[in-house]
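Asks: Dropping the structure in here first, questions after.
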Amino acid sequence: MKTTINNLSVFTSGNTNNKSIIFVHGFPFDHRMWDAQIEMLSEDYYCITYDIRGLGESLTGDGQFTMESFVDDLETIIDELKLKLPVLCGLSMGGYISLRATERMEKRFRALILCDTKALADDNAGKIKRAEGIKSINENGVENFVGQFVPNCFSDNFMMKNKPGYEEVLIRSKSSSPIGVKGGLLAMAGRTDTTAFLPNILIPTLVICGEEDKLTPPDVMKSMSDQINNSEFHVIDRAGHMAPLEAADIVNEKMRSFLAEYSEH
Ligand code: MLT
């Protein structure tokens with residue numbers, strides 16, 4: 001079911017009486033990157049996805065986004081849907097949102113799933129790259145920027161073997177609002193570093209990383225996971241940065257067993 005909350009497109013499936021999971025997608029994608037997870041998990045869980053402001057079907061507005069405003073949006077959805085202790089699951093930029101949301105309001109979540117993401121903020125080189133991205137969108141358009149950015153998010157194996165699936169995601173991302181994409185870049189460049197908070201995380205945490213993730217590689221994610229007390233870490237063979245989409249069956253299995261262990265408490 002689709003609903004609109006504060007100009008954000010929110011999608012729910014499954015029985016509202018079940019335990020809930022809220023999924024936060026990566027950049028510059030939309031809620032559909034979680035389709036395979038929703039299909040499997042909505043049998044037993046109330047699943048919520050949404051399009052981050054500026055991406056997918058959510059309204060872009062002025063594009064003046066911050067990581068804090070992205071967390072505010074997540075909180076509004078949780079409030080409006082009256083979710084009680086959802087599991088929070090985020091990939092990459094969705095992971096930055098999830099980590100900061102956990103830092104701000106950990107007591108509101110039952111457990112955390114971090115896919116292909118990191119706690120580190122952008123260093124100077126990273127900030128300059130974001131600025132170059134914005135300049136390139138201004139000069140050459142969002143399609144061109146997305147066309148260069150998105151291939152880095154997938155393993156070569158996936159792009160070769162699942163060409164139609166990959167191209168569908170690429171075309172969808174290319175149709176993103178330029179103001180929305182630039183707003184996402186600014187929000188990521190300005191985000192805080194959540195590394196110091198990692199040892200304070202009390203909720204059970206599942207950490208998933210594609211073996212061939214070029215943006216948040218396994219060594220970076222392992223080090224993040226090691227700093228979280230109650231965490232388990234899995235590397236997904238032959239997948240890239242979009243592991244839940246590239247290797248849905250394996251990721252679903254990891255999520256299912258993690259959820260079975262922790263969602264009953
Ligand atoms: C994402 O997948 O959300 C982005 O690659 C994150 C980033 O650019 O830091």
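The values are calculated or read from the model by the stated rules, or taken from the named source; none is laboratory data. These numbers were taken from a predicted model, which means no experiment stands behind them. We place every Cβ from the backbone using ideal geometry, glycine too, and count neighbours over all the protein chains shown.
Asks: Inspect all residues belonging to segment 106-123 and state whether any of them is without any contact (Cβ under 8 Å) to a residue 12 or more places away in the chain, surrounded by fewer than 14 Cβ atoms within 10 Å (Cβ to Cβ), away from the ligand (no atom under 13 Å from the Cβ) and not basic (Lys, Arg). If you could, list the steps in order and put the result at the bottom.
Replies: Let us first name the residues in segment 106-123 that are without any contact (Cβ under 8 Å) to a residue 12 or more places away in the chain, namely 107, 123.
Next, from what is left, pick out any that are surrounded by fewer than 14 Cβ atoms within 10 Å (Cβ to Cβ): 107, 123.
Those left that are additionally away from the ligand (no atom under 13 Å from the Cβ): 107.
Still in the list and also not basic (Lys, Arg): none.
No, that holds for no residue.
Asks: How about segment 124-157: which of its residues are of a type in the set (Gly, Ala, Ser), farther than 29 Å from residue 231 by Cβ, exposed (fewer than 15 other Cβ atoms within 10 Å of the Cβ) and within 14 Å of the ligand (Cβ to nearest atom)? So that I can check it myself, show each step before the final result.
Replies: The first filter runs over segment 124-157 and keeps only residues of a type in the set (Gly, Ala, Ser), leaving 125-126, 131, 133, 136, 141, 147, 155.
Going one step further and asking which of them are farther than 29 Å from residue 231 by Cβ, we end up with 131, 133, 136, 141, 147.
This time we only want the ones that are exposed (fewer than 15 other Cβ atoms within 10 Å of the Cβ), so: 131, 141, 147.
Listed by number, the list holds a single entry, 131.
Asks: Further question on the same structure: Looking at 52, 22, which is the one that is farther than 25 Å from residue 249 by Cβ and in contact with a strand residue (DSSP E or B) (Cβ under 8 Å, 6 or more places away or on another chain)?
Replies: Values: 22 fails: farther than 25 Å from residue 249 by Cβ.
Step by step, each of 52, 22 is checked, and only 52 is farther than 25 Å from residue 249 by Cβ and in contact with a strand residue (DSSP E or B) (Cβ under 8 Å, 6 or more places away or on another chain).
Asks: Now a separate question. If you check every pair at least six apart or on different chains, which have Cβ atoms under 7 Å apart with a residue in segment 188-199 that is under 15 Å from residue 130 (Cβ atoms) first and a residue that is away from the ligand (no atom under 14 Å from the Cβ) and outside any helix (DSSP H, G or I) second?
Replies: Close Cβ pairs satisfying both conditions: 190/66.
Asks: Considering each of 250, 203, 179 in turn, give the residue that is part of a loop (DSSP other than H, G, I, E, B), more than 14 Å from the ligand (Cβ to nearest atom) and buried (at least 16 other Cβ atoms within 10 Å of the Cβ). Break it down stepwise before answering.
Replies: Working: 250 fails: part of a loop (DSSP other than H, G, I, E, B); 179 fails: part of a loop (DSSP other than H, G, I, E, B).
From the options 250, 203, 179, the qualifying one is 203.
Asks: Another question, then. Any residue in segment 17-31 that is assigned to a loop (DSSP other than H, G, I, E, B) sitting within a Cβ distance under 7 Å of a residue that is at pLDDT below 95? List the pairs, counting only those 6 or more apart or interchain.
Replies: Every condition considered, the pairs that remain are 19/263.
Asks: Kindly list the number of the only condition in (1) more than 15 Å from the chain's Cα centre (by Cα); (2) on the phi < 0 side of the Ramachandran plot; (3) in a loop (DSSP other than H, G, I, E, B) that fails for residue 69.
Replies: Of (1) more than 15 Å from the chain's Cα centre (by Cα); (2) on the phi < 0 side of the Ramachandran plot; (3) in a loop (DSSP other than H, G, I, E, B), only one is false for residue 69: (3).
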